[in-house]
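The values are calculated or read from the model by the stated rules, or taken from the named source; none is laboratory data. Given the structure is predicted, the values throughout are model-derived calculations rather than measurements. Because the Cβ atoms are built from the backbone with ideal geometry, glycine has one as well, and the counts that use them run over all protein chains shown. Keep in mind that these areas ignore ligands, DNA and RNA; they rest on the heavy atoms of the full protein, side chains included. Shrake-Rupley method; radii C 1.70, N 1.55, O 1.52, S 1.80 Å.
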Number of protein chains: 2
Amino acid sequence: MATSSPAPPARERILATAFALFYAHGIRGVGIDRIIAESGVAKATFYKHFPAKDDLVLAYLDRVDEVWTGQLHDAAAAAGPDPAAQLVGAFDALGNACRRDGYRGCAFINAAAENPAGSRVHDRTLAHKEEVLSWLAGLARQAGAEDPEGLARTLTLLLDGGLASGALDARPDAPVAARAAAAALVSAAVD
Amino acid sequence: MATSSPAPPARERILATAFALFYAHGIRGVGIDRIIAESGVAKATFYKHFPAKDDLVLAYLDRVDEVWTGQLHDAAAAAGPDPAAQLVGAFDALGNACRRDGYRGCAFINAAAENPAGSRVHDRTLAHKEEVLSWLAGLARQAGAEDPEGLARTLTLLLDGGLASGALDARPDAPVAARAAAAALVSAAVD
DNA sequence: GTGGACCTAGACAGATCTGTCTGCTAGCGT
DNA sequence: ACGCTAGCAGACAGATCTGTCTAGGTCCAC
């Protein structure tokens, strides 16, 4: 989605710059002027593509969703065809994310922290989390868990907790513990 | 702590106002002027008590730590004398927190999302999380878990995940799932 | 009553932020 | 050759933010 247009270079440069800066410094911590300067784009061009900062923020979140969802699915797929194994394998995406430097936690949760409850940004975050939850619930159902929604919910807690904790201390034990706990919960729920 | 001074009314009013506003709108979302206006304090008075906004932010986080740690300990204590039961009981604090309206997730994680990695705010967040972690590890040790640090780490993941998820959707199933998962993990680790 | 601590009221400076507007340039299809 | 689209460069307005400063009020101890 959102790639139906020819994707001109200016828009793409803006988005790539915003992606890096928003994630690294927070949304309110990065001004339009800085994005314009670092993406080498004229102000008028910027405002042609994104009429307001909020529009850029939403496009940023769409890209984050794309990237993170992709990593989650890839990690799950790498675990083989067994849905139960995939549920656990998805946690490798968490480990990989935390290991990257400049890692600063879940971009959605960070964005939601900066925006009021009814805002578009907040709603987008909610939609993203809901999407991950229902994907996990689908896998849990395929795996034959007796309470797929409950298992999926619990796994999202571990995932979100790992995303948050992994951003704080440098030690890599948060993703390891998350994966181990996920494995225990999945095998308990399936058999 | 931090109550050794006579605690004059102006400082307390500022702090109480900051507590509400920072949590509700984010730190960068609230200007000094607004805090001054809503706490009914003169600007000079404000800057006498808090030489810079950052100082107020740290005082705010200290208060958050006080309140949240207190709720956690109270919830654990309410579960009775058994340390294993206390580990699970602590999750009632999560449920209570999520139920309050205006709930917007963990104030520390939100604050860290708005501040760069080396900042004082970030460090304070790290210290708080470390404190909770070691408290849980102590309980886990008393409960006779074979890997108290690992269990404690996993429980913090559920706690942080619950704090984050509970802020997004209104449905109360996140804290319920967190508590249930905690109970399962604790009883598996203890016996 | 005098000095000091504590407070209020609000002007002010300087930076920064979002968003608008004017002018200019380059490519591209017809 | 012409117009259209996309883009660059940067001045500008208006709001807002942090932090300083002046000026004065109130209460209490001595």
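With a probe of 1.4 Å, find how much accessible area the protein assembly as shown has per residue, and write the answer as a whole number in Å². Walk me through the intermediate numbers first.
Numbers: 16670 Å² over 382 residues.
Using a 1.4 Å probe on heavy atoms only, each residue of the protein assembly as shown averages 44 Å².
Got the B:Asp74 label distances to the other copies yet, label 7 Å along Cα→Cβ, in nm, shortest first?
Those label-point separations list as 4.7 nm.
Where the label is 7 Å out from Cα toward Cβ, how close does B:Ala42 come to the same position in every other copy, in nm, shortest first?
Nearest first, the other copies' label points are 5.2 nm away.
Copy-to-copy spacing for B:Glu149, label 7 Å out on the Cα-to-C-beta vector, in nm, shortest first?
4.0
Order B:151-158, B:124-131 from most to least packed using the mean count of other Cβ atoms within 10 Å. Mind dumping the intermediate values first?
Values: B:151-158: 26.4, B:124-131: 18.2.
Highest to lowest by the protection proxy: B:151-158, B:124-131.
Which percent of the accessible heavy-atom area of region A:53-190 goes to carbon and sulfur, probe 1.4 angstrom? Present the calculation step by step, with values, prior to reporting the outcome.
Numbers: 2930 of 5200 Å².
The computed percentage sits at 56.
Using helices alone, what [θ] at 222 nm do you get for chain B, with -39,500 (n - 2.57) per DSSP H run of 4 or more residues, divided over all residues and rounded to the nearest 500?
Numbers: 10 runs with 141 residues, N = 191.
Helix contribution divided over all residues of chain B: -24000 deg cm²/dmol.
If I histogram all Cα-Cα distances within chain A using bins 5 Å wide from 0, what percent of pairs lands in each bin?
Spelled out bin by bin, chain A gives 1, 8, 15, 18, 17, 15, 11, 8, 5, 2, 1, 0 percent.
Highest mean first, how do B:11-22, A:101-112 rank when packing is the count of other Cβ atoms within 10 Å averaged over residues?
Details: B:11-22: 18.7, A:101-112: 20.8.
The densest-packed peptide leads the list: A:101-112, B:11-22.
When only alpha-carbon atoms count, how far does region B:138-191 stretch along each of its three principal axes, as whole angstroms with the largest first?
The Cα atoms of region B:138-191 stretch 36, 16, 12 Å along their principal axes.
Find the chain A residue whose Cβ sits closest to the rotation axis that carries A onto B, and give that distance in whole Å.
With distances in whole Å, chain A gives A:Gly161, 2.
Need one number: the % of Cα-Cα pairs in the protein assembly as shown sitting beyond the 38 Å mark. Present the calculation step by step, with values, prior to reporting the outcome.
Working: 15323 of 72771 pairs.
The share of Cα pairs beyond 38 Å in the protein assembly as shown comes to 21 percent.
Just need the relative contact order of chain B here, percent rounded to a whole number, with Cα pairs under 8 Å and 6+ apart.
Once normalised by length, the contact order is 20 percent.
Check every DSSP H run in chain B and write down those whose alpha carbon atoms cover 15 angstrom or more along the long axis and whose mean Kyte-Doolittle hydropathy is 0.0 or greater. All intermediate terms of the calculation are to be shown ahead of the outcome.
Working: long enough: B:9-25 (24 Å, 0.44); B:53-77 (36 Å, -0.18); B:120-142 (33 Å, -0.50); B:148-166 (26 Å, 0.50); B:173-190 (25 Å, 1.33).
The qualifying helices are B:9-25, B:148-166, B:173-190.
At a 1.4 Å probe, which residues in region A:157-171 are at least 20 Å² less accessible with all protein chains present than in their chain isolated?
With the partner chains in place, region A:157-171 has these residues losing at least 20 Å²: A:Leu157, A:Leu158, A:Asp160, A:Gly161, A:Ala164, A:Ser165, A:Leu168, A:Asp169, A:Arg171.
I'd like the interface area for chains A and B: accessible area of each alone minus the complex, both sides summed, 1.4 Å probe, protein heavy atoms only. What is it in Å² to the nearest 100? List each step's numbers first, then the result.
Values: alone 9770 and 9820 Å², together 16670 Å².
Roughly 2900 Å² of accessible surface disappears when A and B pair.
Once label points are set 7 Å from the Cα along Cα→Cβ at both A:Thr69 and B:Tyr103, what is their separation, rounded to one decimal in nm?
2.7
If r is the Cβ-Cβ distance from B:Glu146 to A:Asn96 and R0 is 25 Å, what FRET efficiency results, to the nearest 0.05? Don't skip to the end; give the middle numbers.
On the way: r = 29 Å, r/R0 = 1.15.
It comes out at approximately 0.30.
Based on the Cβ-Cβ distance from B:Arg34 to A:Ala188, what FRET efficiency comes out when R0 is 41 Å, to the nearest 0.05?
Working: r = 50 Å, r/R0 = 1.21.
Computed FRET efficiency for B:Arg34 and A:Ala188: 0.25.
What residues in region B:68-105 lose 10 Å² or more of accessible surface when the other protein chains are added to their chain alone (1.4 Å probe)?
B:Arg104
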